[in-house]
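Student: There's a structure below that I have some questions on.
The values are calculated or read from the model by the stated rules, or taken from the named source; none is laboratory data. Keep in mind that what you see is a predicted model, and the values were worked out from it rather than measured. Note that we place each Cβ from the backbone using ideal geometry, even for glycine, and neighbour counts take in every protein chain shown.
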Amino acid sequence: MEYVVKGRNFEVDEKIKSYADRKIRDRVGRLLDKVVKVEVKFNFEKNPRINENNHVEVTVFASGAVIRATDSGSDVYSAVDRVSAKLERQVKKFRGKLLKRGRKSPATVTGPASPVLQDTMSSDTGSIEEKIRSSIVKVKSFSLKPISPEEAVIQMELLGHDFFVFINSETGQTAVVYRRKDKNYGLIEPTA
C-alpha cells in the first residue's frame, strides 16, 4: 500500500506523520483488503477568523473504489482524529453495501454502469428497448402504504437507501423522497 502525506501552508513533521499513520493507515488497512494508495493532505488556513483552521483530507484508493473524507479542527491532532472517525464510518458503510449486494468485489460494484447503453449508442441493430429490457437483471415488488413524506424519509434512512417510493397520505398519489448531495432531502410528486 502506497502512503502519501502532503502539506499545504503547513510543514508536516515526523510526529504528525506518525500520528496520522497510526490513526489512518492502520485503520484503513484493518478494514479494507485491497488498498492501493492512501493520500493524506494537510492544509493550514491563514485566515485568523477561522477557528478550525487545520484541514485534513484523506483519500483512499481501494480496488475499484475511491473513498474520501475531510474534516478540520483547531489543532492538527483533533483534525486527524475527526477525519479518521469519519473515514472509518465511510469504509464500514462501503463494506456494508458490498455485502448487501451479494459480496461482489469493489471493481464490479463501481465499474461502468451500463455497457448495454454504450452498445446501443454504437450500433443500430435491434431495438433499444429490447437491449435495455434484457439488461434488467432484478425486479423487486413491494406493497405501498400511505405514509407522510416525513415517515418516508425515516424509512429511507433506516433502510440506508438513497430514495424511497411511497404513497403520500396527504395527496393519495405515488411519490418519491430522495437524498440530495447537499445532505437535504427532495420530494418528487406527480402533477395532475
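Student: Check whether at least one residue in region 18-26 is surrounded by fewer than 16 Cβ atoms within 10 Å (Cβ to Cβ), assigned by TED's automatic domain parsing to the domain that holds F94 and more than 20 Å from K86 (Cβ to Cβ), and report yes or no.
Tutor: Yes - at least one qualifying residue is present in region 18-26.
Student: If you don't mind, there's one more thing I want to ask. Residues of region 4-17 being surrounded by 13 or more Cβ atoms within 10 Å (Cβ to Cβ) and either hydrophobic (A, V, I, L, M, F, W, C) or not assigned by TED's automatic domain parsing to the domain that holds V58 (or both), which ones? Steps first, please.
Tutor: Taking region 4-17 first, the residues surrounded by 13 or more Cβ atoms within 10 Å (Cβ to Cβ) are 5, 7, 10, 12, 16-17.
Selection gives V5, F10, V12, I16.
Student: Looking at E45, E88, can you tell me which residue is more than 26 Å from E157 (Cα to Cα) and outside the structural domain of H161 (by TED's automatic domain parsing)?
Tutor: Details: E88 fails: more than 26 Å from E157 (Cα to Cα).
Sole residue among the options that is more than 26 Å from E157 (Cα to Cα) and outside the structural domain of H161 (by TED's automatic domain parsing): E45.
Student: Out of everything in region 130-157 that is over 18 Å from N184 (Cβ atoms) and outside any loop (DSSP other than H, G, I, E, B), what residue ends up being farthest from the chain's Cα centre (by Cα)? Please lay out each step first, then the result.
Tutor: The initial filter retains those residues of region 130-157 that are over 18 Å from N184 (Cβ atoms), namely 130-147.
Checking the rest, the ones that are also outside any loop (DSSP other than H, G, I, E, B) come to 130-135, 146-147.
On the way: E130: 32, K131: 30, I132: 27, R133: 28, S134: 28, S135: 25, P146: 30, I147: 28 Å.
Among those residues, the one meeting the criterion is E130.
Student: Collect the residues in region 149-192 that are on the phi > 0 side of the Ramachandran plot, free of Cβ contacts under 8 Å to residues at least 60 places away in the same chain and of a type in the set (G, A, S), keeping them in residue-number order. Steps first, please.
Tutor: Let us first name the residues in region 149-192 that are on the phi > 0 side of the Ramachandran plot, namely 160, 172, 183.
Subsequent filtering for residues that are free of Cβ contacts under 8 Å to residues at least 60 places away in the same chain retains 172, 183.
Correct list: G172 only.
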